[in-house]
Amino acid sequence: MFDEVRGLAWPTRFTVRALRNRFLEQWHDHDEGLEDHRVERERYSPQCKRVTSIPRQILAGEVIDTVEAVEPASVIVERIGTTLRISFAKRRS
């Protein structure tokens, strides 16, 4: 959707996830003709001087679907370390 409004051809074999924002809410599931929508194209124009007016695209990657909670980094790092220790221990046995 973001590429359509910018007139870019994103290869269909590559999927991507973007975090929801106002632009996605407005155009999701009814984006046909978006590439011809003059007002939206102007908002994404490289010559746009008011950067804050652009509804930014924030790519999250495919893994975003696995996030179930917001946790402190220390908790996440500890879980990764524990998972690695268990994995290495299983390899040794």
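Of note:
- Which numbered condition L84 fails, given (1) modelled with pLDDT under 85; (2) surrounded by 10 or more Cβ atoms within 10 Å (Cβ to Cβ); (3) of a type in the set (A, V, I, L, M): (1)
- Within the stretch 44-66, the set of residues being among the charged types (D, E, K, R) and either surrounded by fewer than 11 Cβ atoms within 10 Å (Cβ to Cβ) or modelled with pLDDT of 70 or more (or both) comprises K49, R50, E62, D65.
- Among (1) assigned to a helix (DSSP H, G or I); (2) at pLDDT below 70 - the single one D31 does not satisfy: (1)
The values are calculated or read from the model by the stated rules, or taken from the named source; none is laboratory data. All figures in this text were calculated on a predicted structure; none of them were measured in a lab. Neighbour counts run over all protein chains shown; Cβ positions are idealised from the backbone, glycine included.
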